[in-house]
1. Which of the residues that make up region 228-255 are of a type in the set (A, V, I, L, M, F, W, C), farther than 10 Å from residue 335 by Cβ and more than 18 Å from the chain's Cα centre (by Cα)?
2. With respect to the numbered conditions (1) free of Cβ contacts under 8 Å to residues at least 24 places away in the same chain; (2) surrounded by 15 or more Cβ atoms within 10 Å (Cβ to Cβ), which one is the sole condition not fulfilled by residue 278?
3. Can you find even one residue in region 53-64 that is closer than 24 Å to residue 303 by Cβ, touching a residue at least 12 places away in the same chain (Cβ under 8 Å) and touching a helix residue (DSSP H, G or I) at 6+ places or on another chain (Cβ under 9 Å)?
4. Just one of 116, 182, 159, 110 is open to solvent by 10 Å² or more (accessible area, probe 1.4 Å) and among the small types (Gly, Ala, Ser); which is it?
5. When residues of region 281-308 are filtered for being open to solvent by less than 50 Å² (accessible area, probe 1.4 Å), in contact (Cβ under 8 Å) with a residue 40 or more places away in the chain and not acidic (Asp, Glu), how many remain?
6. Considering region 234-255 alone, what residues qualify as being charged (D, E, K, R) and open to solvent by 60 Å² or more (accessible area, probe 1.4 Å)?
7. I'd like the full set of residues that are under 18 Å from residue 38 (Cβ atoms) and open to solvent by less than 20 Å² (accessible area, probe 1.4 Å), limited to region 11-26.
8. Which residue out of 149, 139 is open to solvent by 30 Å² or more (accessible area, probe 1.4 Å) and touching a residue at least 12 places away in the same chain (Cβ under 8 Å)?
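The values are calculated or read from the model by the stated rules, or taken from the named source; none is laboratory data. Nothing here was measured: the structure is a model prediction, and the numbers come from that model. Because the Cβ atoms are built from the backbone with ideal geometry, glycine has one as well, and the counts that use them run over all protein chains shown. Keep in mind that these areas ignore ligands, DNA and RNA; they rest on the heavy atoms of the full protein, side chains included. Shrake-Rupley method; radii C 1.70, N 1.55, O 1.52, S 1.80 Å.
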Amino acid sequence: MAGTALVVGASGIVGSATTALLVEQGWTVHGLARRPGEQAGVRPVAADLQDAAGTATALADIDPDAVFITTWARQDSEAENIRVNAAMVRNLLDGLPKPTRPRHVALVTGLKHYLGPFEAYGKGTLPQTPFREEQGRLDVENFYYAQEDEVFAAAARDGFTWSVHRPHTVIGLAVGNAMNMGTTLAVYATLCRETGRPFTFPGSAAQWSGLTDMTDAGQLARQLLWATGTAAAHDQAFNIVNGDVFRWQWMWSRIADWFGIEAAPFDGIVRPLEDQMADDAALWRRIAEREELAEPDLTRLASPWHTDADLGRPIEVVTDMSKSRRLGFTAYQPTDDAFYALFGQLRAARLIP
């Protein structure tokens, strides 16, 4: 199957992996972003989704077979997250020309569907793990639910099919992304190697010793494309992870080995990266200038707050993939290989030395 696709958030971790896969599969790809960059085989669309009229103008001549919504805008409160991100999805779907043929809309959310929003992250009464799609919504306000509701309402009005995709923490290449654990850990390891500081796990004992999983951006892109072309996957929500499980006490040393440093012993004390890296901006700029790196601004590479939120959870988090497996999605990606591939990409792009 190949047709015309619109990837929303084309320059982000998920969006860039999705555009690359679509181009490889022979699709005509439009990539929407506020400030589109150059992406091979992608037709740039500049639009601010908070501007309804401007979004409609930018989309006036695009009639896609598939729409992939891979972006969101972080706000200071969950109420604002709901207001802004629901409006962005609504403006997008209202601004598109009405479908002239079958259309599928895929929305990427995440495990905060089960864990709750950042304001109540991993707190209160949570579903049992592994998380399964039929566990439904928590009784809390959550911008993921608001995004879904906008998709459901537009689908009922315009007659398109939809799918929702819930990754765990995503591993992939993007600069300026608000949720970027892989690059954050690469920058942290580089700083530890530079200064001789211990490479200290920043999170909780539950995360250090419990089972977890992650999602490679390419794995997520493959599920997005699979759901678009699989009738049985239409109007369904799916978890999406790599297919393996691990403990951070194992992964931490493997990441350290890649960077040629030793992993510090874990003593059970939470030491957030936001504190550990608070004064590192000037040091990173000096490293970038010395090594002729492409991005001297630490804040555009690392998102310590997000990595701290994931690695500081007080509960074990694993994800069930049975629903899509039963329908035929069988792709698999070892998570350590996903980290290694990202680190190699970061080095090749001169983002780390």
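1. Once the filter is applied, which keeps residues that are of a type in the set (A, V, I, L, M, F, W, C), farther than 10 Å from residue 335 by Cβ and more than 18 Å from the chain's Cα centre (by Cα), region 228-255 yields 231, 232, 233, 248, 250, 252, 255.
2. Of the numbered conditions (1) free of Cβ contacts under 8 Å to residues at least 24 places away in the same chain; (2) surrounded by 15 or more Cβ atoms within 10 Å (Cβ to Cβ), the odd one out for residue 278 is (2).
3. No, that holds for no residue.
4. None of the others qualify; the one that does is 159.
5. 11
6. 235, 247, 254
7. 12, 13, 15, 18, 19, 22
8. Residue meeting the stated conditions: 149.
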